Amino acid sequence: MENSLFMEAAPIVESSGRERRHAPVFVLGCPRSGTTLLYDMLLSAGDFAVYLAESNVFNLLGPRFGDLSSRANRLRLVEAWLESKLFRASGLDADRIRQRILQDCHNGADFLRIVMGEICIMQGMRRWAENSPEGMLYLPLIKQLIPEALVIHIIRDGRDVATSLGRLRYVRSFPWETRHSLIGCGLYWEWIVQKGRRFGRSAGADYMEIHFENLLTKPHETLAQVGQFLDHPLDYELIRNVAYGSVSKPNTSFRAEASHAEFNPVGRWKKAFSQEQLRRFEQLVGRTLQDLGYTLATGESPRELDLGLRATRLLHRSYFAGKLAYKNSRILRVFRPSMRGTDLDEIVLADNAPPTVKRPSGHSL
């Protein structure tokens, strides 16, 4: 079997109690569900490597650069990475990290361990976290290659996620749909959330779910639950004081409104949907919303879908699955243009410089 990023997933092995307080943490979920906020809260709590970037190792770098047991592929990857914001956000020494990757990296998990491990050493931290949302689609592989990994799946109301994704033009609509279709965004949310929850059923004590709304409205209680899961103290007052990234400035698609004192990211969908859009949306994904504890606004219990809605669901889910298969195809990879650092910078979310690591008085890092 090819020793690449896309090896078949082996049975999941739970992280032991002895390893837990040092285990890497994956904060994942559908895009626009609060992954960045929770990740930045973990970093602000202390003892996590401060890397203000989404690494995109499993969902972008691996699919584009291929089998990293090949030195040629490692060389292409490291040269592009060193030209990008992903490197500039790390603060690492270019020569040292190039040498380590070329010498010790054989798959995407090795790459992530090397980079984040070097940041831990440089900053004096004991563990690291990662928050590329679409890593959710690679969870079986992540858990195979990093068996001690702990996974936090953050879930947000699909109507708010669809509203935010629609503003960002994240999901391409079909020609017969309205531009930036809320329906397509909602079906994408359901598709990726269901994939994450399906994985969670097999991951045992190494997987937990939290709701974005609870993180905002009950932060002390929610962070206490997360801290217990991670075996890591999460002091909300300390987090607010350190306040890396989105803890101090909201990561929102509603930037014009985010500076207002009354800004609230919960329930924004109520102004985004027409009555007809809401009716169709809740018919399509209403059962999933209810399963997750959200109340349907239409007051209608989801019924058996008519032919048109069944076709809508099938087309979108087939498109999402096909796009994922295309991205991961080793055959089609050969025909794609080479990716450079400037190409990565157009795709990834990352600071363009390393962070100023804060050392709160009275708190040991």
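The values are calculated or read from the model by the stated rules, or taken from the named source; none is laboratory data. Note that the structure is a prediction, hence the values are computed from the model and not measured. FYI the Cβ positions are ideal-geometry reconstructions off the backbone, even for glycines, and counts take in every protein chain you see. The accessibility values were calculated without ligands, DNA or RNA, using every heavy atom of the protein model including side chains. Shrake-Rupley method; radii C 1.70, N 1.55, O 1.52, S 1.80 Å.
Here are some notes:
- Net charge contributed by nearby residues that have their C-beta within less than 10 Å of residue 194 (K/R +1, D/E -1): +2
- The H on the amide N of residue 210, modeled in the peptide plane, is under 5 Å from the matching H of 153, 154, 155, each at least 5 residues off or on a different chain.
- The value for the stretch 68-224 of Rg(Cα) / (2.2 N^0.38 Å) is 1.25.
- Accessible surface for the chain, divided over its residues, is 46 Å² per residue with a 1.4 Å probe.
- Here the 3J(HN,Hα) profile of the stretch 213-225, calculated from phi with Karplus coefficients 6.51, -1.76 and 1.60 at θ = phi - 60°, is 4, 5, 4, 7, 8, 9, x, 4, 5, 5, 5, 5, 5 Hz, Gly and Pro shown as x.
- Restricting the calculation to alpha carbons of the chain gives Rg and Dmax of 20.5, 63 angstrom.
- DSSP beta bridge pairing in the chain, given as percent antiparallel to the nearest 5: 10 percent
- Computed FRET value (nearest 0.05) for residue 75 with residue 292, which takes r as the C-beta separation and R₀ as 56 Å: 0.80
- Net charge, residue 84 excluded, C-beta distance under 9 Å - Lys, Arg +1, Asp, Glu -1: 0
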